[in-house]
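Remarks on the structure that follows.
The values are calculated or read from the model by the stated rules, or taken from the named source; none is laboratory data. Just so it is clear, the model here is predicted, and its values are computed rather than measured. Glycine also receives a Cβ, built like all others from the backbone with ideal geometry; neighbour counts cover every protein chain displayed.
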Amino acid sequence: MKKNIAKIKEQLNRLLSYLKENINIHHFILAGIPLVLLDIFTRILGAKIDFFPIFSPVPNLFTIIWVYLFVGIVLSIKKSSAKFLFVLFYLISLGLYFVNNIYYSISGTFFDFHLVALAGEGSEYFVDAIVSANIWIYILGIINIIIFVYLFKKIKYQKANNYRNLTFIIISFLIMHFITPEFLGNPDTELTWSTWRNPRNIYENFNDNNKSLSISGLYEYSYRNFYLTYFKPKKTDDEKELEFLDNIFSQYQTNSKNKY
C-alpha cells in the first residue's frame, strides 16, 4: 500500500510539473468545476446509502482523473473542436446525473445500463417519474447548468491542436486510472459474508449499484456499468458464489417434522 501511495505521489508531481509548464492551470480548474460538482451532487443526493463518506479520497480521485481526461482533451485541441467537445462531454455528464438521480429517487438504487433493454416497458411511467422525483435534483442541476454556461465563456482554448499535450493527458490518465483502485485495499480471496462489504470486491465484481457508485463516483461508476453491461457481461452463476451459498444453506435443516 505504501509503495502504491509513493507511486501516486511521484506521478502526481510529474503531472503537476508538466501541466504548469504546458497548460493554463487556472482555466483547467475552471473547466472542471461543473463536471466535478455533478458527481458531488449525485453522492450528496444518495447520502442515505451511508457506505462511503462523500469526501472519501477514492471516489473523488476517480472523479478528478476522469474530469482531468475530459478537460485535458478539450484544452489540447483547437478552439472550434474544443468548444463542441466540451459541450458534448458536459451534456453526457449532465444526462448521467439526471438519469441516475431520478432513478435513485424513485427506486432507491442507481441506474443500470441493463435497464435500457426494458425502456419500452416503462415508457408510460416516464413523465410520472420525472414529476415525482426529488426536487433537489432539478435545483442542483439548474445551478450546475448556470455555472457551466458562465465558465464556458471564461475558458481560454488552444489556437491549434497540441498533440504532445493530448498524448500526455491520455497516457497519464491511463496510469492513474490503473493505480487508483489500489487505494480500495486488497480484495477478499476467500468468499465470506464480509466479501460483499469489501470495497475492492464491490469495485471488481460490481454486485451492488449503490455501493459501487459510493466507492467510485459518477463517472467511474458509469464507465464500469457500461463496460460490464455491453462488453463484459456479469456472470450470475459464478461457481464460487453458488458453492458458498450452498454451504451456508446446507447448514440449516429443512426437513423438520410436522403433523402432515
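Values computed for the structure shown
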{"read-out": "Filter result for the condition that a residue is under 15 Å from the mean Cα position of the chain (by Cα) and either modelled with pLDDT under 95 or surrounded by 13 or more Cβ atoms within 10 Å (Cβ to Cβ) (or both), over Phe126, Phe89", "value": "Phe89"}
{"read-out": "Failed item in (1) in contact (Cβ under 8 Å) with a residue 60 or more places away in the chain; (2) surrounded by 13 or more Cβ atoms within 10 Å (Cβ to Cβ), with Ala160 passing the rest", "value": "(2)"}
{"read-out": "Those helices (runs of 4 or more DSSP H) lying entirely in the range 1-85 with at least 1 residues of a type in the set (Val, Ile, Thr) and at pLDDT 90 or above", "value": "25-45, 57-74"}
{"read-out": "Residue match in the range 199-216 (condition: of a type in the set (D, E, K, R) and modelled with pLDDT of 95 or more)", "value": "no"}
{"read-out": "Single condition Phe178 does not satisfy, out of (1) crowded, with 16+ Cβ neighbours inside 10 Å; (2) in a helix (DSSP H, G or I); (3) modelled with pLDDT under 95; (4) within 18 Å of the chain's Cα centre (by Cα)", "value": "(1)"}
{"read-out": "Options Leu115, Leu94; residue that is in a helix (DSSP H, G or I) and either modelled with pLDDT of 85 or more or on the phi > 0 side of the Ramachandran plot (or both)", "value": "Leu94"}
{"read-out": "From Ser56, Ser80, residue being of a type in the set (Ser, Thr, Tyr), over 23 Å from the mean Cα position of the chain (by Cα) and at negative phi", "value": "Ser80"}
{"read-out": "Where a residue in the range 185-205 is among the small types (Gly, Ala, Ser) and its partner, wherever it lies, is part of a helix (DSSP H, G or I) and modelled with pLDDT of 80 or more, with Cβ under 7 Å and at least six apart", "value": "Gly185/Pro199; Gly185/Arg200"}
{"read-out": "Any hit, the range 38-56, residues being among the basic types (Lys, Arg) and more than 26 Å from Arg197 (Cα to Cα)", "value": "no"}
